[in-house]
Amino acid sequence: MPTVNPSSSARAPVATATAADTFAPRHLWRHALLAGISAAAGLGLYAAGLRGDTLGVAVIVLFCLSYWATGWLPDFLVSLVLMFLLATCTSLGASVVFSGFTSSAFWLVFSGAVIGMALGVTGLGERVASRLADHCGHAYGIALAGFVTIAFVLGIVMPSTLGRIAILTPIVLSFCERIGLTRGRPGRTGLLLATALASCELSTAILPANLPNLVMAGTAETVLGLRLGYGEYAIALVPVLALVRGAVLVVVAMRLFPDRLTPLAGATMLDNVDTVNNAPTAMRPAEWRLLAALALMLGLWLTQPWHHIAAGWVGLGVALLCLGPLRLVNPDAFLKQVKLAPLWFVAAIIGLTAAVDHAGLANALHPVLSRLDLAQMPGASAYLVLVALSVALTFLVTSNAAPALYTPLVPTLALGAPLGVKAILLTQAVGISTIALPYQAPPLVLAMALAGIGIRDATRYCVASALIALVTVVPLTALWWQLIGLLRLH
């Protein structure tokens, strides 16, 4: 795994023991159970009319997602199993199955590890963390709320979830060290997960802030002739989808990962602080070089619509500068700290999404979805059905691909429905932003790789926040839409 997080190496013995023990005779029932469930689901899908690669991909994805959800196999091993089964049991070809290795996101993981190490080696990460600690380091709840807010505000100026996570994760790690949330502390996991999930979910309330929104807006304009305005979109979604959901993320993190902040003794004795007058010292040359590299990277990310260079390739170029001419990271030292496991995870998730798309699994759902009749339902029931539909689609094709499947159905769903076209279109944002399992949001997988977060902790947090969001965000959004005239509940 390309991460410099020390907690990963600290957990390595535990992960090795688990991998060695998972096929012990007393645990074989687990594999038989998941294989049986997948086979039964395959028979059901076959009876429903699925054939060929569509059926094969559906069963393989279900089988591997079951292992990721239960944690009964190490993540990297499940990733390799997924790629093996897709390569040998389908006709999709290597260009699809292993497309993750050529993806910009895959190399963004690598470059994020280099930049994260540079932030630590130069002391720039510690300098930023110390400033944040002055404002957010007094209480755990304040720190959670602060980073969730930063993740949302950054979404307004940086229209790339992957980019936001690549920048924020190393800063959160430095902040955790600064305030005493060392490896193994639950608060460290809570802060990292809250920041990562906020970067993924809250940005749904900002029109150009993430890929699903752009897919939805582009498809709506092409298929419906409907152009979404930045302001009206924000008015409809920010009050609940950003503010209330952000509060949910903070509360769930405090409950699942309770902790207390204990700033390290002698924190003012760190390199970037004057020990005499407790004032910050001048930035060192290495910090200025890294700051210039980060400014270059951020500038290229923000101007991507003009130069069309993907975020991963920009990140890789900056990583090479850090490893080479800028002399910020020692290549030999970096190689000794590289862990490959999360790279396999990221590649497998991207390959999974590509396989679902190329096998036509989404298209196979169109006949079923097009028969959904909302005309006989009251407004509240139709709204809840559409939210459930959008949530289900994120399970099947991930949040990135769900809008491409949902949006073309809007004209059909709108026939006789008690909801307007715009309400039906925007309802998918409520479902797409409800991430119940990590694989549904590829940027979250990136954050897990950079921070060394285990799949079990991430799944617990996603499931809990999703369940609470369903009973708070979903009904409150309906009430807000009724207030602004977008939805009639009766």
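Going by the alpha-carbon gyration tensor, a ≥ b ≥ c the square roots of its eigenvalues, is region 276-330 rounded (a/c under 1.5) or, if a/c is not under 1.5, prolate (a/b greater than b/c) versus oblate?
Since a/c reaches 1.5 but b/c is at least a/b, the shape of region 276-330 is classed as oblate.
On the protein heavy atoms, probe 1.4 angstrom, tell me the percent of accessible surface of the chain carried by carbon and sulfur.
With neighbouring chains kept in place, the figure for the chain is 69 percent.
Can you tell me the Rg and the Dmax, both Å, for the Cα atoms in region 23-167?
Spelled out, the Cα radius of gyration and Dmax of region 23-167 are 21.6, 61 Å.
Quick one: what does P(r) look like for the chain with 20 Å bins over all Cα pairs, in whole %?
It works out to 23, 56, 20, 1, in whole percents.
Viscosity 1.567 mPa s, temperature 4 °C: give me the Stokes-Einstein translational D for region 81-157 in µm²/s, with Rh taken as the Kirkwood radius over C-alpha pairs.
The Stokes-Einstein estimate is 80 µm²/s.
Using +1 at the Cβ of each Lys and Arg and -1 at the Cβ of each Asp and Glu in the chain, identify which of L228, Y140, A166 lies farthest towards the dipole's positive end.
Toward the positive end, the furthest listed residue is Y140.
Does anyone have the angle between helix 361-370 and the longest principal axis of the chain? Alpha-carbon axes, 0 to 90°, nearest 10?
50
Report the extension gain between R327 and I484 in nm, rounded to one decimal, defined as 0.36 nm multiplied by the number of residues separating them, less their alpha carbon distance.
Extra length available between R327 and I484 comes to 51.0 nm.
So, by mean Cβ neighbours within 10 angstrom, what's the order for 93-103, 140-150 with the highest one leading?
Descending packing order for the listed peptides: 140-150, 93-103.
Between T281 and R456, what is the FRET efficiency for a Förster distance of 30 Å, r being their Cβ-Cβ separation, to the nearest 0.05?
0.15
Would you mind getting me the FRET efficiency between A47 and H308? Use the beta-carbon distance for r and R0 = 56 Å, nearest 0.05.
Calculated transfer efficiency: 0.75.
Please report how far the C-alpha centroid of region 443-485 lies from that of region 404-439, rounded to the nearest whole angstrom.
Their Cα centres are 17 Å away from one another.
Give me the number: length gained by fully extending H135 to L298, i.e. 0.36 nm times residue separation minus the C-alpha to C-alpha distance, one decimal in nm.
56.2 nm
According to the square roots a ≥ b ≥ c of the eigenvalues of the Cα gyration tensor, what is the shape class of region 170-214, taking rounded for a/c under 1.5, prolate for a/b larger than b/c otherwise, and oblate for the remainder?
Verdict is prolate for region 170-214.
Per-residue ellipticity at 222 nm for the chain, helices alone: DSSP H runs ≥ 4 residues times -39500 (n - 2.57), over residue total, nearest 500 deg cm²/dmol?
-22500 deg cm²/dmol
Can you classify region 33-94 as rounded, prolate or oblate using the Cα gyration tensor, where a ≥ b ≥ c are the square roots of its eigenvalues, rounded means a/c under 1.5, and otherwise it's prolate if a/b beats b/c and oblate if not?
Since a/c reaches 1.5 but b/c is at least a/b, the shape of region 33-94 is classed as oblate.
Quick one: if you take sqrt(5λ) for each eigenvalue of the C-alpha gyration tensor of region 349-457, what semi-axes come out, biggest first, whole angstrom?
So the equivalent ellipsoid measures 29, 16, 10 Å along its semi-axes.
Probe of 1.4 angstrom, ligands and nucleic acids ignored: what's the accessible area per residue over the chain, in square angstrom?
Solvent-accessible surface per residue comes out at 41 Å².
The values are calculated or read from the model by the stated rules, or taken from the named source; none is laboratory data. For clarity, every value in this text was computed on a predicted model and none was experimentally measured. Reconstructed Cβ throughout: ideal geometry from the backbone, glycine too, with neighbour counts over all protein chains shown. Heads up: the accessible areas ignore ligands, DNA and RNA and are worked out on the full protein's heavy atoms, side chains in. Shrake-Rupley method; radii C 1.70, N 1.55, O 1.52, S 1.80 Å.
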